[in-house]
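The values are calculated or read from the model by the stated rules, or taken from the named source; none is laboratory data. Here the structure is a predicted model, which means the values were calculated and not measured. Cβ atoms come from the backbone with ideal geometry, glycine included; neighbour counts cover every protein chain shown. The protein model used for the area step is the full one, side chains on, heavy atoms only, and it has no ligands, DNA or RNA in it. Shrake-Rupley method; radii C 1.70, N 1.55, O 1.52, S 1.80 Å.
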Amino acid sequence: MSAVASAETEHLSFAELVELLQRIFERHGTCAQVAAILAENCATAQRDGAHSHGVFRVPGYLSTLASGWVDGQAVPTVEDLASGFVGVDAHNGFAQPALHAARPLLVSKARSAGIAVLAIRNSHHFAALWPDVEPFAREGLVALSVVNSMTCVVPHGGQKPLFGTNPIAFAAPCAGSEPIVFDMATSAMAHGDVQIAARQGHAVPPGTGVDRLGLPTTDPKAILDGGALLPFGEHKGSALSMMVELLAAALTGGNFSFEFDWSQHPGAKTPWTGQLIIVIDPSKSAGATFAERSGTLVEKMKTVGVTRLSGERRYAERAKALEAGVALGRMELEQLRQLAG
Ligand code: NDP
Ligand code: PYC
């Protein structure tokens, strides 16, 4: 899929796009429930303008399913591990169905203990992370999630790639506005955005990555072709990326980003790792008015000149799509229709 803004654009309603994607996933090897969950997730990213993780990802999902690397029919096993700890073995399936299966137990534990952890292992996450956390904030909860991916980032001070692009997403309720949400790769750029830059022939900013000789480059093709990404913010992003490896893999029982070998599955694109989600019920804290406090902070940020909060671009894209439909390139839509049969 192109992820290219084109004058040749068509619009589908969100429900139409979900239905189209659901047919594609089901036709290419997932069971109906997995198809429904992935379709909703992918359409949500497209709707909200997260183009590196919307329909752009469909070919990668399908080549991975065809390669036998991921099990599109896997049924996750939810484990009640402790008063504040839920585990899920995704059984080599996707992470989103695992979260879906464990969510009711996770929320009930967070509401009774004030905090609960969900550790997903043996899972594939190929999507944006904010759709996993935003719904918790809509229920008045605070959520933090991390997921590790595949070796393509050189740790600060290192000579070779080891870490994944390892995103961190956070969501919190905010009185008087949409939830506060941020979601960011700990690499200088998400791998998906490097792929888009390579397709479109754009240079990436200095500091994004290195070529196959380890030399700094702004050529996205050189980063993808034997080169590597760098963490954002030098040692600081690198420390956060290390934290993500520890929480998403070591703590969950999943693979580190360097630990899996997909060389026997040509076409495999989805990292086989783990994901951690921490959910907090702020009503249990001493300050019972967390959402109001969030609102106070946001208002104060505006008084010092902040005009754009994290999440705001996404909410604006969502509002536009709800009005006019979700925009897709005409060619892109034609390809999707062919894939759906
Ligand atoms: P961006 O750098 O585009 O954005 C990171 C965050 O910063 C977002 O919350 C964004 O809000 C916010 N933001 C961006 N610009 C500004 C600004 N000028 N002022 C204030 N806030 C701003 O994201 P990344 O490129 O780091 O990541 C892209 C996606 O890739 C993420 O969804 C991530 O989950 C996904 N990813 C997934 C991986 C996986 O293994 N599954 C691995 C790596 C990345 P807004 O949303 O409103 O733009
Ligand atoms: O964009 O870095 C990325 C990515 C890795 C896995 C899924 N997305």
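A Förster distance of 22 Å, applied to the separation of the beta-carbon atoms of HIS235 and THR303, puts the FRET efficiency at 0.10. Centre-to-centre, using Cα atoms only, the stretch 7-39 and the stretch 148-163 are separated by 33 Å.
Just checking the listed ones, ALA319, ALA35, ALA169: in the Gaussian network model of the chain with Cα springs under 10 Å, the one fluctuating most is ALA319.
For the set MET189, MET331, MET242, the ranking by accessible area, highest first and with no ligand, DNA or RNA atoms included, is MET331, MET242, MET189 under a 1.4 Å probe. At a probe radius of 1.4 angstrom, the accessible area of the stretch 256-333 per residue rounds to 60 square angstrom.
Give, as a single signed number, the net charge of other residues whose beta carbon lies under 12 Å from the beta carbon of ALA90, with Lys and Arg counted +1 and Asp and Glu -1. Every neighbour counted, the sum reads -2. The convex hull around the C-alpha trace of the chain, projected and averaged over every direction, spans 17.4 square nanometres. The share of accessible area on the stretch 1-139 that comes from carbon and sulfur is 54 percent, using a 1.4 angstrom probe.
Take the Cα of LEU251, go 7 Å toward its beta carbon, and the backbone nitrogen atoms of the stretch 144-171 under 16 Å from that spot belong to 144-149, 166-171.
Could you tell me what percent of the DSSP beta bridges with both partners in the chain are antiparallel, to the nearest 5? The antiparallel fraction comes to roughly 85 percent.
Over the residues of the chain, the helix contribution to mean residue ellipticity at 222 nm works out to -12000 deg cm²/dmol, using -39500 (n - 2.57) for each DSSP H run of at least 4. The residues of the stretch 197-248 have, on average, 54 Å² of accessible surface per residue, using a 1.4 Å probe with all protein chains present. Expressed per residue, the C-alpha convex hull volume of the stretch 157-209 stands at 130 Å³. Considering only VAL75, VAL146, VAL306, the mean-square fluctuation computed in a Gaussian network model of the chain, springs between alpha carbons under 10 angstrom, is largest for VAL306. On a full-extension model of 0.36 nm per residue, what is the gain between LYS320 and PHE85, subtracting their alpha-carbon distance, rounded to one decimal in nm? Full extension from LYS320 to PHE85 adds 80.7 nm.
Heavy-atom accessible surface of the stretch 90-135, averaged per residue, reaches 27 Å², computed with a 1.4 Å probe. Expressed in Å, the radius of gyration and Dmax of the Cα atoms of the stretch 2-133 are 16.0, 54. Cross-link partners for LYS221 among the aspartates and glutamates, with Cα-Cα distance under 14 Å and sequence neighbours closer than 8 places in the same chain left out: ASP193, ASP211. Between the stretch 100-138 and the stretch 278-341, the C-alpha centres lie 18 angstrom from each other.
Counted over the stretch 213-272 with a bin width of 10 Å, the fraction of Cα pairs per bin, in whole percents, is 19, 35, 40, 6.
Ligands, DNA and RNA excluded, the heavy atoms of THR289 present near 70 Å² of accessible surface to a 1.4 Å solvent probe. Residue ranking by accessible heavy-atom surface, 1.4 Å probe, largest first, among LEU229, LEU251, LEU339 comes out as LEU251, LEU339, LEU229.
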